[in-house]
Amino acid sequence: MRLLFGKEFNTKSIVDVIKTKKEVIIGKGVSAEMVHKAEKELNVSFAEDYREYLLNYGLLMCCGHELTGLGKNERTHVVFVTKQMKELINGIPDNWYVLENANIDGVIIWQDTTGNVYFNTKKIYSSLLDFIISF
């Protein structure tokens, strides 16, 4: 059982949480090989919940959020966006990758390989699951 924003969530996975959301656009998921290739290109290991999201959906748009993923669009492709942001922003840890580029006032949501989620460089959640619950 998770308690977030005064609500209890009896969830086990990102799939469970995404099924509860309204006005969601999702992809079809990607292969484990595609996930591994992206990790290799970024020289990171994705957090388990991000990997689960990629395998099941590949991309997600929900409640004004547009998460990075593995699709054809560079604007939301985790490898392209992460490399681009790391070129523009100094001091980002090597084990971080972009979850969301809001394209507003430099707002970037990052995740590290242990699962922590950051607003720019401030930790805001302990997992992608908690971040998605907050939508």
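The values are calculated or read from the model by the stated rules, or taken from the named source; none is laboratory data. On a predicted model such as this, the values are computed, not experimentally measured, just so you know. Please note: Cβ atoms are built from the backbone with ideal geometry, for glycine as well, and neighbour counts cover all protein chains shown. Ligands, DNA and RNA are excluded from the accessible area calculation, which covers all protein heavy atoms including side chains. Shrake-Rupley method; radii C 1.70, N 1.55, O 1.52, S 1.80 Å.
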* Structure fact -> SASA check, Thr114, accessible area w/ 1.4 Å probe, all protein chains in place, rounded to nearest 10 Å², comes out at 100 Å²
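So how do Asp105, Asp94, Asp49 rank on accessible area, 1.4 Å probe, biggest first, that is with the largest at the start?
Asp105, Asp94, Asp49
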* Once label points are set 7 Å from the Cα along Cα→Cβ at both Val15 and Lys72, what is their separation, rounded to one decimal in nm? -> 2.6 nm
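Heavy atoms only, probe 1.4 angstrom, no DNA, RNA or ligands counted: give me Phe46, Phe119, Phe135 ranked by accessible area, highest first.
Accessible-area ranking of Phe46, Phe119, Phe135, largest first: Phe119, Phe135, Phe46.
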* Asked: Sorted by accessible area (1.4 Å probe), largest first, how do Glu52, Glu41 line up?
  -> Glu41, Glu52
* Structure fact -> Any residue on another chain or 5+ positions along whose placed amide H is under 5 Å from the amide H of Glu66 is listed here as none
* Mean projected area (nm²) of the alpha-carbon convex hull when segment 61-102 is viewed from all directions -> 3.1 nm²
* Percent of alpha carbon pairs in segment 73-135 separated by more than 13 Å? -> 61 percent
* **Gain in span if fully extended, Asn120 to Met61, counting 0.36 nm per residue against the direct Cα distance** => 19.2 nm
* With DNA, RNA and ligands ignored, accessible area of Tyr97 (1.4 Å probe; Å², nearest 10) -> 0 Å²
* To do: Kindly state, to the nearest 0.05, the FRET efficiency for Ala32 paired with Ile104, given R0 = 35 Å and r defined as their beta-carbon distance.
  => 0.55
* What share of the DSSP beta bridges in segment 70-135 is antiparallel, in percent to the nearest 5? -> 100 percent
* To do: Ignoring everything but the protein chains, give the 1.4 Å probe accessible area of Arg75 in square angstrom, nearest 10.
  => 120 Å²
